[in-house]
Amino acid sequence: MHIKSKILLGLTSVSLFWGCSSSENGTAETEATKPNIVIIYMDDLGYGDLSSYGATELSTPNMDKLANGGIRFTNGYATSATCTPSRYALLTGVYPWRNKDAKILPGTAPLLISTSQMTVPKMLKGQGYQTGVVGKWHLGLGAGNVNWNEHISPSPNEVGFDYSYIMAATQDRVPTVYIENGNVVNLDPNDPIEVNYDTNFEGEPTGKDNPELTTMKWHHGHNNSIVNGIPRIGFMKGGEAAKWVDEDMADHFLEKAQSYVKSHKEGPFFLYYAFQQPHVPRTPNPRFVGKSGMGPRGDVILEADWMVGEFMKTLEDEGLLENTLIIFTSDNGPVLNDGYYDDAVEKLGNHTPAGTLRGGKYSLFEAGTRVPFMVYWKGKIQPQVSDALVCQVDFLSSLASLTGSTETKEDSENLLSAFFGEEKVGRSELILEATGRTAIRKGEWIMIPPYKGAAKIESVNIETGNEPSYQLYNLNQDIGQTDNLAQSNPDKLEEMVAAYTAIRGD
Ligand code: NG6
Ligand code: CA
């Protein structure tokens, strides 16, 4: 049985989804079933990587079903151009630049979210939800100096998730093991795990010194411990039986996500399903090798697309599709060579992972943060394309509003009506972040303050967005950000700088 509870909906139009009438003050009250909520979160998937977002060289039929059967946002953003800060904002409703530690974390970092902080799962738990996370975490674990051979705490389970099945950081970082509810899976106590990000363990091979032991070659970084032939970031010793099989990771997480759904179908549940694709190392299962003709990066996108389809099938088979809100998006923009020789550049052909956007992962230009962003609810949300400005930091307040919670955060706007396609307008302004630098989007404009530093990260071949003077672009007229109007439109520049300063306070 689903929990029947009173849902207060601030918006009359949204409340119509429940077929209820509105009261005089514009709010509606009804007995309704709370929907299950699933966030499918991709890792480094670009704005132009889906056929529904214009890709012609890759076909993503299952992701397209969400895009074409729900709302496809054209101005949907992650807060950040890298993983950890985007995930922090998605879960907490707080801009990551407010937390100085919200940057790409090593696998040994302590938990970034305070256990006293409000989070999306915590808020939903308060509304009667069961909550689970499956997949990539990358928000730190423990309180420093984690002993991987004991119960790890705090973990996702201390910031709102009843259930967690995760990898600690990234697929390219140690420890290369799965962690279920704070315990390393398949750990053999006689072969304890040790992890260090500064120094190697005596006698252990590394990508740097033992290239002959690697099956994937490192290009930059990624030359520490070798696991499954892949040189990683960080040093790890022991834990042989607990090590994941890279080529099986996507199947493994899918299976965990599916069993979570099946065992929580009485609902309501919230599942944060965080894929590891197409982040490096790209290790498609043999079923997908060669399928894209684009090398491993294309292959793992097809693999992820297949997983989305299988996951949707499970929701359908369990009779949950009409009662589940699905949000699909990505933590940051695309990158080709992110540290391994894997043919991403060589076999790209005519594919454009960023679509018509400038930049990519790590960049303050649009491709860093503007990402595929779909909201799907079969039978409830009318298929459409929306240009509303929306961001992942808005999930906290919006999902609170949906489920009858009064939780809200200053940085997190209640955009439920935009997320449901009832309004075509979202936020008026948004601060975007890339490796510690910030810019402001306001209306159709974006202003990037002057930044010192290289204009390009040569290793990944991506423009950073750095320039010694102000940049101002009109994104409606110049989506590719080629025409800097800072000089020719000083009034607009001044307005944007004032808006930026008002939020950032410096
Ligand atoms: C970088 C890694 C990159 C990737 C990134 C995190 C090097 C040279 N590069 O430091 O490969 O792991 O961190 O990506 O080590 S993210 O999507 O999780 O933010
Ligand atoms: Ca990422």
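The values are calculated or read from the model by the stated rules, or taken from the named source; none is laboratory data. Just so you know, these numbers come straight off a predicted model, no measurement behind them. Note that each Cβ is placed from the backbone with ideal geometry, even for glycine, and that neighbours are counted across all protein chains shown.
Miscellaneous remarks
- Of the criteria (1) over 30 Å from residue 126 (Cα atoms); (2) free of Cβ contacts under 8 Å to residues at least 12 places away in the same chain, which one residue 259 fails: (1)
- Scanning the range 448-466 for residues that are farther than 25 Å from residue 98 by Cβ, of a type outside the set (Gly, Ala, Ser) and assigned to a loop (DSSP other than H, G, I, E, B) yields 458, 460, 461.
- Residue in the range 472-479 that is in the same structural domain as residue 444 (by the TED database), among the charged types (D, E, K, R), at pLDDT 95 or above and part of a loop (DSSP other than H, G, I, E, B) present: yes
- Entry remark, the range 155-179: residues being assigned to a helix (DSSP H, G or I) and more than 15 Å from residue 124 (Cβ to Cβ) number 1 in total.
- Members of the range 203-248 found to be touching a residue at least 40 places away in the same chain (Cβ under 8 Å), within 30 Å of residue 458 (Cα to Cα) and assigned to a helix (DSSP H, G or I), listed by number: 246
- Checked against (1) basic (Lys, Arg); (2) closer than 26 Å to residue 365 by Cβ; (3) part of a helix (DSSP H, G or I), residue 65 passes all but a single condition, namely (2).
- Count of the range 126-150 residues which are in contact (Cβ under 8 Å) with a residue 60 or more places away in the chain, of a type outside the set (Val, Ile, Thr) and closer than 20 Å to residue 41 by Cα: 6
- Residues satisfying the stated conditions in the range 68-103, i.e. more than 22 Å from residue 363 (Cβ to Cβ), out of contact with any Lys or Arg (no Cβ under 8 Å at 6 or more places or on another chain) and among the small types (Gly, Ala, Ser): 70
- Selection from the range 432-451 of residues that are in contact with a Pro (Cβ under 9 Å, 6 or more places away or on another chain) and under 12 Å from residue 493 (Cα atoms): 440
- Every listed requirement among (1) closer than 19 Å to residue 233 by Cβ; (2) buried (at least 24 other Cβ atoms within 10 Å of the Cβ); (3) not basic (Lys, Arg) is met by residue 275 save one, (1).
- Restricting the range 78-101 to residues that are among the charged types (D, E, K, R) and part of a loop (DSSP other than H, G, I, E, B), the residue that is farthest from ligand 2 (Cβ to nearest atom): 100
- Residue 206 vs. criteria under 22 Å from the mean Cα position of the chain (by Cα) and among the polar types (S, T, N, Q): no
- Matching residues, the range 458-468, being over 15 Å from residue 345 (Cα atoms) and surrounded by 12 or more Cβ atoms within 10 Å (Cβ to Cβ): 463, 464, 465, 466, 467
- Flag for residue 290 being within 16 Å of ligand 1 (Cβ to nearest atom), at positive phi and out of contact with any Ser or Thr (no Cβ under 6 Å at 6 or more places or on another chain): no
- The selection criterion, being within 16 Å of ligand 2 (Cβ to nearest atom) and closer than 18 Å to residue 87 by Cβ, does not hold for residue 179.
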